[in-house]
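Structure, as structure tokens:
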Amino acid sequence: MATPAQTQPPSPVRIFGALTAHEQTAALKTAIELEVFTAVGEGATTAQAIAQRCRASERGVRILCDFLTIQELLTKEGSNYRLTPDSATFLDRHSPAYLGSAVKFMVSPDILNAFEELTAAVRKGGTAVSEEGLLVPENPAWVEFARSMPPMVAGPADAISKLLGAEAGEKWKVLDIAAGHGLFGIAIAKANPQAQVVAQDWSSVLDVAKENAQKAGVANRFQTVPGSAFEAKLGDDYDLVLLTNFLHHFDVPTCENLLRKVHAALKPGGRVATLEFVPNEDRVSPPLPAMFSIMMLSTTARGDAYTFSEFKQMFRNAGFGRSELHDLPMSPQRVIISYKS
């Protein structure tokens, strides 16, 4: 789909907004750290009351809350601030859908430093911060990822479990590659008491996954395989392999090599569920999946946001039969289910 032609007179507003977008990031990060949205949700609606609750200056809170109102994360009537539906759902710590912990990874020094070197990354064609970017073995950034991102993946994890039919209760052996927090495999184990889950990741990251399995009451059906997905012995005879937010870190040949290993680990008729940001073939829509490629350019050597046709070809080259693309409710990501014929 072609980019729509500009119909309004030329304006610098969009350019100025992009050059100052860091202000939005910093303001939201600060509001989460001070628990501004939680304070408003508790009934502190004036700058003075919010400042007292958040242990901050009234002037600072007033300026911050006005900025958040402009960004449509708060509303303002007179001197009183209120939450919007989005901020009430996702930014109030008392909400079960609270996403505030994700700031620890998404605005971490590792991510910000990578974007500081974006010009060099564009020239190079891959991350300029190091040879491997975030993919350094046993990188502590992935421990932070495992601890801070569960609120963002709990919904998709449950949706994938339902999509795969876990609730039918069939006896499944499941491999969760680059499991991180482990929530995708754990969601299946919770829905299906007959499911045995094997989680693979770096050993330090798997410690977090094991904690989550214990909390979920499925630790007795949750095993781990530490190490690199490309080098570890994954086992075989799996009914299902989970590949969630992993393939985008690598180039096509590397993905295909891993998929051949996955193919060998599956029993005949087994499935792979791949969760990814999947842009349309034009690579500029929908906006969130399409923009994810610049994250990969900044933080990895050769990663990308791949289209469905590219994923389908990768799986075909690795020996799989058909692949299906599925949307997820309330998520910019999509699921590809591929079958071993």
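The values are calculated or read from the model by the stated rules, or taken from the named source; none is laboratory data. Bear in mind the structure is a predicted one, so any value in this text is a computation, not a measurement. Ideal geometry is used to build each Cβ from the backbone, glycine not excepted, and the neighbour counts take in all protein chains shown.
Can you find even one residue in segment 243-251 that is of a type in the set (Ser, Thr, Tyr) and over 17 Å from ALA157 (Cβ atoms)?
Within segment 243-251, the subset of a type in the set (Ser, Thr, Tyr) is 244.
Filter once more, so that each one left must be over 17 Å from ALA157 (Cβ atoms): none.
The answer is no, given that none of the residues of segment 243-251 is of a type in the set (Ser, Thr, Tyr) and over 17 Å from ALA157 (Cβ atoms).
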Would you confirm whether or not segment 265-274 contains a residue that is among the aliphatic types (A, V, I, L, M), part of a helix (DSSP H, G or I) and modelled with pLDDT of 95 or more?
yes
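Quick check: anything in segment 7-23 surrounded by 12 or more Cβ atoms within 10 Å (Cβ to Cβ) and either out of contact with any Pro (no Cβ under 6 Å at 6 or more places or on another chain) or not assigned by TED's automatic domain parsing to the domain that holds MET295 (or both)? Steps first, please.
Our first condition is that a residue be surrounded by 12 or more Cβ atoms within 10 Å (Cβ to Cβ); within segment 7-23, this holds for 23.
With the extra rule that they be either out of contact with any Pro (no Cβ under 6 Å at 6 or more places or on another chain) or not assigned by TED's automatic domain parsing to the domain that holds MET295 (or both), the set shrinks to 23.
Yes; the residues of segment 7-23 include at least one that is surrounded by 12 or more Cβ atoms within 10 Å (Cβ to Cβ) and either out of contact with any Pro (no Cβ under 6 Å at 6 or more places or on another chain) or not assigned by TED's automatic domain parsing to the domain that holds MET295 (or both).
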For segment 51-61, indicate whether the set of residues that are part of a loop (DSSP other than H, G, I, E, B), assigned by TED's automatic domain parsing to the domain that holds SER87 and not basic (Lys, Arg) is non-empty.
yes
Given the conditions (1) at pLDDT below 90; (2) outside any helix (DSSP H, G or I), which single one is not true for SER95?
(1)
Could you grab me the full set of residues in segment 309-341 that are surrounded by 15 or more Cβ atoms within 10 Å (Cβ to Cβ) and in a loop (DSSP other than H, G, I, E, B)?
ALA318, GLY319, PHE320, LEU328, SER331, PRO332, GLN333, LYS340
Kindly check whether there is at least one residue in segment 67-84 that is modelled with pLDDT under 95, hydrophobic (A, V, I, L, M, F, W, C) and not in a helix (DSSP H, G or I).
no
